[in-house]
Structure formats: C-alpha cells, structure tokens
Amino acid sequence: MRKLVVLLLAALTLAACGFQLRGSSGNQLPYKSIFLAMPDNTDVAIALRRYLAAVPTTQLVRERDKAEAVFQQVADRREKSILSLNAQGQVREFRLQVTYSFRILDSRGREIVPLNEITLLRDITFNDSAILAKNLEENLLWRDINYDLVSQIMRRLSIVKPKDPEDE
C-alpha cells in the first residue's frame, strides 16, 4: 500500500510540473496533408511514414497533387571517415556522418519552408581483434543516426511556420 501511495505521488508530481515524454508532445503539423517526394525504400522514408501515420491532424497522401505540402529530400550524404590512427598506422577510430537536407513545397512547387540541413556525427572506436562486434556496433550507430535524423525532421516540421508563397 505504501509503494502505491509513493508511486501515485510521484506520478502526480511529474504531471503537475509539465513533464512529458519526448514523443508525446507537439504531434501537430501545420499541414492537413503531406506527400513525401523521396524514394520509398530508404530508411528515412520508411521511418518518416511511420511517424507521420501517428500524427492525427496530417494525412500522408500518395499523390503529389492531392497534398497541401510536399516534403522534398534535397540531399542525403552518408560518410564513414578515419578519425584517428595508432602509432603503427592502423585505424583506431572512425567517424560516421550524415548530412541531410530537405525543404517543403506546396502542391504547385513553390517553396513554403526553405532548405533545412541536419548534420549528425557519431564516433566509433575500431579494434582488429573484434571486427564482428565492431561491425554490429557500427550498424547500431547507423540505425541510431537514422532514428535521430527522423526525430529532428519531425520536430522541425512541427516547429517551422510555413511562409505563404503568395506573398512573394
């Protein structure tokens, strides 16, 4: 009984201070419908579709001309570069980098949200004696980068106020 009271008090305290889980706030986009102008089979497209399906106020459409907004992928560069070498000239660390840019257009192709660029970096150590484990770690880091990228895209989409293309 005492544990139940403590848990209830903790829950009430968190609710009173405005605490919310990261994914639970701001799932509102300023568009009624959106089209993704990007290849369907990429990790980013798959994750964006999943996120957009959870947004109750925005419908993901399959035809560009039926969309109020068009999400256009401009660039998706992924690089793995050597970060450091040991005294024998062998690789000690790699840097994984993603540079992703996008913009939002209206159904007639006019820009309503200007070009946004996101750059994400992760460093990974390397060890010749644990190649299989390091490959697995690298794959997990790439997956983490994709998750982070899509989360940042969704946050930017919900925060950025679209400009009216008629004002130009």
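Considering each of F126, F102, F94 in turn, give the residue that is at pLDDT 95 or above and surrounded by 12 or more Cβ atoms within 10 Å (Cβ to Cβ).
On inspection, the qualifying residue turns out to be F102.
Please name all residue pairs, on different chains or six or more residues apart, with Cβ atoms under 7 Å, provided the first residue is in the stretch 111-130 and is more than 25 Å from R155 (Cβ to Cβ) and in a strand (DSSP E or B) and the second residue is at pLDDT 90 or above and not acidic (D, E).
Listed pairs, sorted by first residue: I124/F94; I124/L96; I124/L141.
Is at least one residue of the stretch 53-62 under 17 Å from L149 (Cα atoms), buried (at least 18 other Cβ atoms within 10 Å of the Cβ) and touching a strand residue (DSSP E or B) at 6+ places or on another chain (Cβ under 8 Å)?
No, there is no match, as no residue in the stretch 53-62 is under 17 Å from L149 (Cα atoms), buried (at least 18 other Cβ atoms within 10 Å of the Cβ) and touching a strand residue (DSSP E or B) at 6+ places or on another chain (Cβ under 8 Å).
For the structure I just gave you, tell me whether E68 is in contact with a Ser or Thr (Cβ under 8 Å, 6 or more places away or on another chain), surrounded by 17 or more Cβ atoms within 10 Å (Cβ to Cβ) and acidic (D, E).
When the stated conditions are applied, E68 passes them.
Filter the stretch 46-85 down to the residues that are free of Cβ contacts under 8 Å to residues at least 12 places away in the same chain and of a type in the set (G, A, S), then identify the one that is nearest to Y100 (Cα to Cα).
Taking the candidates together, the pick is A53.
Can you find a residue that is assigned to a strand (DSSP E or B), in contact with a Leu (Cβ under 9 Å, 6 or more places away or on another chain) and either at pLDDT 90 or above or under 26 Å from L141 (Cα atoms) (or both) anywhere in the stretch 43-58?
No, every residue in the stretch 43-58 fails to be assigned to a strand (DSSP E or B), in contact with a Leu (Cβ under 9 Å, 6 or more places away or on another chain) and either at pLDDT 90 or above or under 26 Å from L141 (Cα atoms) (or both).
Quickly run through the stretch 87-112 and pick out the residues that are more than 16 Å from Y147 (Cα to Cα) and among the polar types (S, T, N, Q).
Q88, Q90, S107 - these are the residues of the stretch 87-112 that are more than 16 Å from Y147 (Cα to Cα) and among the polar types (S, T, N, Q).
The values are calculated or read from the model by the stated rules, or taken from the named source; none is laboratory data. No experiment lies behind these values; they were computed from the predicted model shown. Every residue, glycine as well, gets a Cβ built from its backbone with ideal geometry; the counts of neighbours run over all protein chains shown.
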